[in-house]
Amino acid sequence: MTTLPKQTLRVGFVGTGFIAHFHLKSLIGVRNVEVTGVYSRNPENRARFVSEVEALDLGECRAHESLESLLSAGDVDAVWILSPNYTRLDVMRTLHREIKAGRGKIFAVACEKPLARTVAEAREMLHLAEDAGLNHGYLENQVFCTPVLRGKEIIWRRAASTTGRPYLARAAEEHAGPHEPWFWQGDKQGGGVLSDMMCHSVEVARHLLTAPGAPRNSLKVKSVNGTVANLKWTRAGYADELRRRFGEDVDYRRRPSEDFARATAALEDEEGNELMIEATTSWAYVGAGLRIQLELLGPEYALEYNSLGTGLKIFLSRAVQGTEGEDLVEKQNAEQGLMPVLEDEAGVYGYTDENRHMVECFRKGIKPLETFEDGLAVVEILMGLYRSAEIGATLHFPAPELEDYVPVVARTGA
Ligand SMILES: NC(=O)c1ccc[n+]([C@@H]2O[C@H](COP(=O)([O-])OP(=O)(O)OC[C@H]3O[C@@H](n4cnc5c(N)ncnc54)[C@H](OP(=O)(O)O)[C@@H]3O)[C@@H](O)[C@H]2O)c1
């Protein structure tokens, strides 16, 4: 048994891809943490990750050739699950088995969004974590975005306290499409953009509407209404482009997932006040790069945020030539003209504060702000939205039919 608080939390990473690098970069802004292990199936990725940890001075990191080896290592206290959605449950089952067999020292687990592809999977993730006695954190970075932290604090302290609680949260996240083939495959990812990105929007909106300090379940979801559409990537030229980039398993002429989704969710607070979330997400937005837009409205006030409305902008004339990159903003679409630049993406997008929060909660044995219970609640809303879109009607909660529901685009053979 590990005695808490622990002075330093020793973290192991499962996954060395896009998001693992964001997390790694953000950890230089977090105290009391070391990265002591990584599992990847690929020797080059393992070696590259270990040298990055060394370069960032984040501890002595050992590369593990098997998941079991990482999870049973004596020098790892907590694991960050950063592998694709279709691998989640296997990783969690292995972790559960290792702990039950008395191997290793892991006492906490954090998992990237979405917690799972279906309600049944999310419920099992939660059960496995609790049954193994693990402290668990759900990695929803938008809840920790610096504008969300600051904006929510001001709205609730200054405006809601004197004129009444906020009633409407709007959230949008859009970009030009994901970077790896598995995101585009409904069965692997769990759906299309609704599953991939609306998980952010519904949770950040729920968070903004929740009174500071109140549990997230102080708001009850009453009903949801969703629409999905294929706006761009099913057009013949774009479907062919996807196939060229990602191979024949990504076939948007025959097996597309949605690239647009819209949602409304009606909620109720403990006093019976009606609240509303409006969310929209797409993989069909070609602007400078990833755009997050947030609003929180109340009786006498409004908050608004647009991640591309940056203070720092750089103009590059047509004479400036260079390779394509994501060095100005995530999912960047251009290298010329007037470009917005996020000077600290890991901070603004919330990864630094998210990891600081998780590390401090795990080190001290405190329940984090976002747990697997929240991850499950998000998946319930997402499945409700898919079901609503499928039947073309509003879905009222509780909705027992969601327990074994699989979105149309995620059904094998769909
Ligand atoms: N918070 C956010 O805004 C955000 C943004 C992007 C992604 N994400 C989430 O983060 C997760 C990973 O996304 P990503 O963009 O990093 O994907 P990615 O770039 O495809 O990287 C996935 C990583 O997982 C590893 N992996 C693949 N299969 C595995 C398996 N069976 N067991 C263990 N590891 C395996 C791969 O490593 P090897 O090939 O080296 O084994 C790869 O490094 C997803 O759940 C995604 O939804 C969140």
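Read-outs throughout are calculated quantities, based only on the coordinates presented, and are distinct from any laboratory measurement. From a predicted model like this one, the values you see are computed outputs, not experimental measurements. Using ideal geometry, Cβ is built from the backbone for each residue, glycine included, and neighbour counts are taken over all protein chains shown.
Table for the structure above
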read-out	value
Efficiency of FRET from Cβ geometry, residue 163 and residue 97, R₀ 51 Å, rounded to 0.05	0.45
Label-point separation in nm, residue 317 to residue 396, each point 7 Å along Cα→Cβ	6.6 nm
Net lengthening on full extension, residue 149/residue 21 (0.36 nm per residue, minus Cα-Cα)	43.8 nm
Theoretical ellipticity at 222 nm over the chain - DSSP helices of four or more residues, -39500 (n - 2.57) apiece, nearest 500	-10000 deg cm²/dmol
Sum of side-chain charges, residue 232 neighbourhood, beta-carbon under 12 Å (Lys, Arg +1; Asp, Glu -1)	-3
Set of lysines near residue 105 by C-alpha distance (under 22 Å), chain-local residues within fewer than 8 positions excluded	6, 364, 367
Charge dipole of the chain about the Cα centre (unit charges at C-beta), most positive-ward option of 63, 19, 309	63
Cα lying deepest toward the dipole's positive end in the chain, options 114, 212, 5, charges on Cβ	5
Ellipsoid semi-axes in whole angstrom, largest first, where each is sqrt(5λ) of the Cα gyration tensor of region 9-106	20, 15, 12
Net charge, residue 214 excluded, C-beta distance under 10 Å - Lys, Arg +1, Asp, Glu -1	-1
Ranked 233, 156, criterion: other C-beta atoms within 10 Å, fewest first	156, 233
Label-point gap, in nm, between residue 87 and residue 229 - each point 7 angstrom along Cα→Cβ	3.5 nm
Which of 308, 342 has the fewest Cβ neighbours within 10 Å, and the rest in rising order	308, 342
Kirkwood Rh (inverse of mean 1/r, distinct Cα pairs), region 338-413, angstrom	15.8 Å
R0 of 56 Å, Cβ-Cβ distance residue 214-residue 412: FRET efficiency to nearest 0.05	0.90
Rough spin-label spacing in nm, given labels placed 7 Å along Cα→Cβ, for residue 333 and residue 404	4.3 nm
For residue 176, residues with placed amide H under 5 Å, excluding near neighbours	285
Computed lengthening from residue 41 to residue 241, 0.36 nm per intervening residue step minus Cα-Cα distance	69.2 nm
In Hz, Karplus ³J(HN,Hα) per residue of region 135-142 (6.51, -1.76, 1.60; θ = phi - 60°; x = Gly, Pro)	6, 10, x, 9, 8, 10, 5, 5
Dipole magnitude of the chain, debye to nearest 20 (Cβ charges: Lys/Arg +1, Asp/Glu -1, about Cα centre)	100 debye
Karplus-derived HN-Hα couplings along region 216-222 (A = 6.51, B = -1.76, C = 1.60, θ = phi - 60°), whole Hz, x at Gly and Pro	4, 7, 6, 9, 9, 7, 9
Relative contact order of region 315-414, pairs being alpha-carbon contacts under 8 Å that are 6 or more residues apart, as %	15 percent
Proxy reagent accessibility, fewest Cβ within 10 Å first, across 165, 254	254, 165
For region 162-178, Karplus couplings with θ = phi - 60° (6.51, -1.76, 1.60), whole Hz, Gly/Pro x	9, 10, x, 5, x, 10, 9, 10, 10, 9, 9, 9, 9, 8, 8, x, x
Entries in 100/222; 152/222; 25/232; 100/188 that, when Cα-Cα distance is taken, lie over 30 Å	100/222; 25/232
Rounded if a/c under 1.5, otherwise prolate or oblate - the chain, Cα gyration tensor axes	rounded
